[in-house]
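Peer 1: One structure is given below, represented as structure tokens, and several questions about it will come after.
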Amino acid sequence: MNIIETDKDLHLLNPEEILLIVPVWSSQRGHQSMFPISFVYIKTKDTDFILNFQHIDADSVTPFPISKLCNPNTLVLGNRYIQSNGLDYEWVYFESVGKPFVFNDFVETLFKGYRNDYLFNNDCIPLMKWYELLKSIPEGFEIKDWYRKYSDSISLLGKVEGAGVQVEVENFIDRFSFDCRYINEGRVHTQYNPYTITGRPSNRHLNVNYSALPKGDGSRGTIISRFQGGTLIGFDYESYHIRLIAGLIGYKFPTGISAHQYLANLYGTDYDTAKGLTFKYLYGGLDDFARGIPFFQKVDLYIESLYQRYVISGKLTTPLFKREINHNRIELPNQQKIFNYLLQALETEINYMKMVEMLEFMSPMQSKIILYTYDAFLIDTHPSERDKILKLLPTIMEKGGFPVKADEGTNYDNLVHLQ
């Protein structure tokens, strides 16, 4: 092992030779956007290094972007927080091993005998103990074609996390029994977990599940705008899954009416009842009545053909990123489960593609995307940018025939539909 603790030794690191980078942030539990990097474990084909920034066991180099050390084939743990051109280590591990790599679980033995309430624990555990464990981190995985697309997409999630979520501090602490030390300038951070069978990310950090904040109980009301006079604007896709399916099967809904209302008219029911029926048919299977409706007739044929392709090939291949989900990763497969998995994967991949344009559009703005939840995005909106966002952001999101509706409010719980 080589410890790099002075700037004059940085020449020893050749980015073209680096296979693996493992940044270790100073805080054991805190979000990476809030805390500095303590040190970095680096592995090449022939040797390995500890690059120290602020661990107490060595002198420190001048901080610089770790992304400068990466080449396109470098595996980078926590790459979404580095924003490098390397590959997301956790995604490669998940695809190769079939389960998530949880860094805190991997290094859990290091913390025995140490206080777990100290913010900067990782700076204090001896570097040699860190090294003995980190040198055994799994590597040497085969890299598949689609890993690059998912690595780049996961980096988008890191940008959303980095924006933070402004909260009413006292109410947030009371509501979630939240440790105030992990709130910075009234802001907390979300953390997405995209390492799932369909790639669809959940979103929780510490003890807050941001993907499933209930409506009406006050939980959402703790989330506010960071700007004086600012608002939160939520953009939700209308009938998203139905329109995704329509694209898969080549079915066109009439314009000027929501897909749910169109199907409600066919069912002879009201809008809310129709939504329940549609989801029942799509995710629970079709009955004789549904099979008499042209849309569901095409859905039925598509599900059958999809399952046949899955059985013959032994894998489920996603439509856009061409990710291959091997049959041995899907428990008790049946026609409906394979269809549901494909639909979730398609939703996720389309959202990632749209997020590229959304983040680029908003990059010069003060306003930020602060939450992404399956079929919706929440924007913390500066008052001077409100009209531009309401006018132009939907044009990006609606590409491909996916209409959105906008809701606005002073907090996440009181959003009101904008006509």
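The values are calculated or read from the model by the stated rules, or taken from the named source; none is laboratory data. These numbers come from a predicted model, not from an experiment. A quick note on method: Cβ atoms are made from the backbone with ideal geometry, for glycine too, and the neighbour counts reach across all protein chains shown.
Peer 1: Is there any pair with a first residue in region 65-76 that is of a type in the set (S, T, N, Q) and a second that is part of a helix (DSSP H, G or I) whose Cβ atoms are under 6 Å apart and which are 6 or more apart or on different chains, and what are they?
Peer 2: Going by the 6 Å Cβ cut-off, the qualifying pairs are Ser67/Ile82; Asn71/Pro15; Asn71/Glu16.
Peer 1: Sticking with this one: Looking at Thr318, Thr278, can you tell me which residue is assigned by TED's automatic domain parsing to the domain that holds Thr196, buried (at least 17 other Cβ atoms within 10 Å of the Cβ), in contact with a Gly (Cβ under 9 Å, 6 or more places away or on another chain) and of a type outside the set (Asp, Glu)? It would help to see each step written out before you state the result.
Peer 2: Details: Thr278 fails: in contact with a Gly (Cβ under 9 Å, 6 or more places away or on another chain).
From the options Thr318, Thr278, the qualifying one is Thr318.
Peer 1: Does Tyr271 satisfy the criteria of being modelled with pLDDT of 90 or more, of a type in the set (Phe, Trp, Tyr) and either over 21 Å from Leu342 (Cβ atoms) or in contact with a helix residue (DSSP H, G or I) (Cβ under 8 Å, 6 or more places away or on another chain) (or both)? Give the steps one after another, and end with the answer.
Peer 2: Details: modelled with pLDDT of 90 or more: yes; of a type in the set (Phe, Trp, Tyr): yes; either over 21 Å from Leu342 (Cβ atoms) or in contact with a helix residue (DSSP H, G or I) (Cβ under 8 Å, 6 or more places away or on another chain) (or both): yes.
Taking the combined requirement at face value, the residue satisfies it.
Peer 1: Tell me yes or no: at least one residue of region 197-205 is crowded, with 18+ Cβ neighbours inside 10 Å and free of Cβ contacts under 8 Å to residues at least 60 places away in the same chain. Steps first, answer last, please.
Peer 2: Taking region 197-205 and keeping what is crowded, with 18+ Cβ neighbours inside 10 Å, we get 198-201, 203, 205.
So of that shortlist, the ones also free of Cβ contacts under 8 Å to residues at least 60 places away in the same chain come out as none.
No, there is no match, as no residue in region 197-205 is crowded, with 18+ Cβ neighbours inside 10 Å and free of Cβ contacts under 8 Å to residues at least 60 places away in the same chain.
Peer 1: Of everything in region 156-181, what is surrounded by fewer than 19 Cβ atoms within 10 Å (Cβ to Cβ) and closer than 20 Å to Lys368 by Cα? Give them in sequence order.
Peer 2: Listed by number, the residues that qualify are Lys159, Gly162, Glu168, Val169.
Peer 1: Further, regarding this structure: Say we look at region 206-225 and pick out the residues that are assigned to a strand (DSSP E or B) and crowded, with 20+ Cβ neighbours inside 10 Å; which of these is nearest to the chain's Cα centre (by Cα)? Write out each step before concluding.
Peer 2: Residues of region 206-225 assigned to a strand (DSSP E or B): 208-209, 223-224.
Those still in the list that are crowded, with 20+ Cβ neighbours inside 10 Å too: 208, 223-224.
On the way: Val208: 15, Ile223: 19, Ile224: 21 Å.
So the residue we want is Val208.
Peer 1: Additional query: Scan region 120-134 for residues that are of a type outside the set (A, V, I, L, M), in a loop (DSSP other than H, G, I, E, B) and surrounded by 13 or more Cβ atoms within 10 Å (Cβ to Cβ) and report the count. Outline the logic, then answer.
Peer 2: Looking only at region 120-134, we keep the residues that are of a type outside the set (A, V, I, L, M), and these are 120-124, 126, 129-132.
From the residues that got through so far, the ones that are in a loop (DSSP other than H, G, I, E, B) too are 120, 124, 126.
When the remaining residues are screened for being surrounded by 13 or more Cβ atoms within 10 Å (Cβ to Cβ), the result is 120, 124.
Total meeting the criteria: 2.
Peer 1: Would you confirm whether or not region 241-261 contains a residue that is surrounded by 20 or more Cβ atoms within 10 Å (Cβ to Cβ) and either of a type in the set (Ser, Thr, Tyr) or more than 29 Å from the chain's Cα centre (by Cα) (or both)?
Peer 2: No, because not a single residue in region 241-261 is surrounded by 20 or more Cβ atoms within 10 Å (Cβ to Cβ) and either of a type in the set (Ser, Thr, Tyr) or more than 29 Å from the chain's Cα centre (by Cα) (or both).
Peer 1: Test of understanding: among Val40, Val102, Val92, which residue is exposed (fewer than 15 other Cβ atoms within 10 Å of the Cβ) and either without any contact (Cβ under 8 Å) to a residue 24 or more places away in the chain or not small (Gly, Ala, Ser) (or both)? First the steps, then the outcome.
Peer 2: Details: Val40 fails: exposed (fewer than 15 other Cβ atoms within 10 Å of the Cβ); Val92 fails: exposed (fewer than 15 other Cβ atoms within 10 Å of the Cβ).
From the options Val40, Val102, Val92, the qualifying one is Val102.
Peer 1: In region 382-393, which residue that is over 21 Å from the mean Cα position of the chain (by Cα) and surrounded by 16 or more Cβ atoms within 10 Å (Cβ to Cβ) is nearest to Lys405 (Cα to Cα)? So that I can check it myself, show each step before the final result.
Peer 2: Keep residues of region 382-393 that are over 21 Å from the mean Cα position of the chain (by Cα), which gives 382-392.
Right, trim to surrounded by 16 or more Cβ atoms within 10 Å (Cβ to Cβ) and you get 382, 385-386, 389-390.
Numbers: His382: 19, Glu385: 18, Arg386: 15, Ile389: 13, Leu390: 10 Å.
Among those residues, the one meeting the criterion is Leu390.
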